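The values are calculated or read from the model by the stated rules, or taken from the named source; none is laboratory data. Treat the numbers as computed from the prediction; the structure is a model and nothing was measured. All Cβ positions, glycine included, derive from the backbone under ideal geometry; neighbour counts span all protein chains shown.
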Amino acid sequence: MKKVMLKTTLSLAVTLASSQIFASGFALNEQSVSGMGTGFAGRSSSADDASTVFGNPAGMSRLEGQQVTGGIAVIDASTDIKNASGKYPGSNKGDMVPFTGVPMGFYTNKLNDQWAIGFGVYAPFGLVTDYEHGFQGRAFGSKSEVKVVTLQPTVSYAFNDRVSVGFGPTINRISGTLESDITIDPRLGDNNVKIKGDDTALGFNIGVLVQATDTTRIGLTYHSKVDYKLDGHTEISASPGTSAFGYLQNGRYDASLKIATPESYDLSLTQDINDAWKVYAGTTWTRWSRLKDITVNNKGVTAAGGALAPTLFTSIKEEQNWHDTWAYAIGTSYQLNKQWTLRTGLTWDQSPTNNENRSPRIPTGDRTIFSIGAGYAVNENLVIDAAYSYLKEESVKVHDSNALNNYSAKYENSANGFAVGATYKF
């Protein structure tokens with residue numbers, strides 16, 4: 001029974017990756033509406049508004065006075081599941097990602113020619129997937145939700161008008177919920193297993209910004225890894241037939257899991273072509289190879305009495321074997337007139353998953369993202385930004401199996417992202 005539960009119950013928050021987000025793995029890119037318009041090219045070099053607290057804290061040195069930037073991005077995703085097969089029948093609608101919002105907010109204050117301070121609240125990781133009742137691959141994931149909220153106080157220092165640095169410690173709160181519906185015998189009904197856990201941990205972001213020439217700016221930002229130990233519980237709701245036959249019993253048990261969200265480096269360039277045109281380019285490397293496996297520790301989980309009821313599990317290991325990824329982006333902006341700025345960008349982003357270990361929870365492949373955006377200056381103090389992105393992902397195959405269940409399918413994923421925000425200067 002340990003082997004049975006290995007692939008069906010606990011691959012907690014970190015493995016809840018979905019292709020319907022705009023960065024690799026389960027990372028989120030939506031920390032800047034203006035940046036979304038250029039496909040996040042130039043994220044660490046543009047320093048256009050207070051969202052530079054995340055993009056590159058050194059960029060606060062370029063912002064005059066005090067600024068507040070806030071906004072929200074929403075994601076509308078769709079999945080086409082084809083050629084599905086499994087041991088037990090079920091549906092494959094593919095509509096498993098609800099309409100999801102990602103908020104963000106930042107503040108900066110330039111104290112003098114050298115020093116600036118700021119603060120940010122944003123979501124660097126997160127997703128929600130919720131398959132329909134009766135999904136054929138429900139034994140390997142029926143519902144998943146993970147949220148990471150980060151608070152970041154920040155300071156920057158300008159050595160001169162060419163070089164500045166910035167640093168911000170991060171306070172990160174992670175919470176996750178995972179559900180699977182396990183079929184041991186189709187005549188006995190499904191058994192629901194729900195896991196919840198949360199933790200708070202510290203990390204940091206650091207960046208350097210260099211005005212290489214009068215028209216060329218280069219930025220480098222490092223986002224640190226964050227180590228978590230999620231503590232929570234596993235709740236088993238056994239069907240009456242399964243419980244009566246001694247396979248599982250209802251119960252609530254302590255669970256814990258150690259995970260680390262990965263570090264990343266973002267290098268980008270902003271080039272002024274003339275007074276109207278700017279070109280942005282950037283690349284991001286993320287160390288997803290930290291996610292080799294997931295090991296969950298549980299306490300006191302047993303089945304009902306009888307020959308078929310040993311202890312189900314105390315420690316579970318599920319292989320992930322993710323690999324490091326690169327993302328590349330290029331974008332441009334055009335100052336149409338005093339009020340309007342137009343933006344566009346193209347991004348290519350690698351997936352960290354592999355064909356052997358990919359599951360319905362992580363049906364992700366390499367993706368291409370096309371973005372457009374605009375900024376409208378209402379007056380000297382207020383700018384409204386909007387952006388739209390379309391994501392298309394390569395088709396990928398999913399295959400998962402254990403002693404009781406198996407599921408295979410071809411996934412084709414796409415998504416539309418919309419964002420609106422504002423920056424107020426005072």
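Residues considered: I362, I372, I294, I316. Of these, the only one that is of a type in the set (A, V, I, L, M), under 24 Å from T79 (Cα atoms) and at pLDDT below 95 is I362.
Considering I184, I174, I195, the condition of being out of contact with any strand residue (DSSP E or B) (no Cβ under 6 Å at 6 or more places or on another chain) and not charged (D, E, K, R) is satisfied by I184 alone.
A single entry from A50, A84, A58 fulfils the requirement of being buried (at least 17 other Cβ atoms within 10 Å of the Cβ) and in a loop (DSSP other than H, G, I, E, B): A50. Scanning the stretch 379-403 for residues that are out of contact with any strand residue (DSSP E or B) (no Cβ under 6 Å at 6 or more places or on another chain) and either farther than 15 Å from G141 by Cβ or buried (at least 24 other Cβ atoms within 10 Å of the Cβ) (or both) yields N379, E380, E394, A403. Residues in the stretch 130-171 that are closer than 22 Å to I259 by Cβ, touching a residue at least 60 places away in the same chain (Cβ under 8 Å), touching a Gly at 6+ places or on another chain (Cβ under 6 Å) and not β-branched (V, I, T): Q152 alone. Taking the stretch 153-192 as the range and being under 23 Å from I294 (Cα atoms), surrounded by 19 or more Cβ atoms within 10 Å (Cβ to Cβ) and either within 24 Å of the chain's Cα centre (by Cα) or among the charged types (D, E, K, R) (or both) as the test, the residues that pass are N172, I174, G176, T177, L178, E179, S180, D181. Selection of first residues in the stretch 78-104 that are within 26 Å of F125 (Cβ to Cβ) and in contact (Cβ under 8 Å) with a residue 12 or more places away in the chain and of second residues that are of a type in the set (D, E) and surrounded by 21 or more Cβ atoms within 10 Å (Cβ to Cβ), restricted to Cβ pairs under 7 Å at least 6 apart or on distinct chains, gives the following pairs, ordered by first then second residue: V102/E30; M104/E30.
Only residues that are among the acidic types (D, E) and either more than 22 Å from the chain's Cα centre (by Cα) or not in a strand (DSSP E or B) (or both) were counted across the stretch 379-426, and they come to 4.
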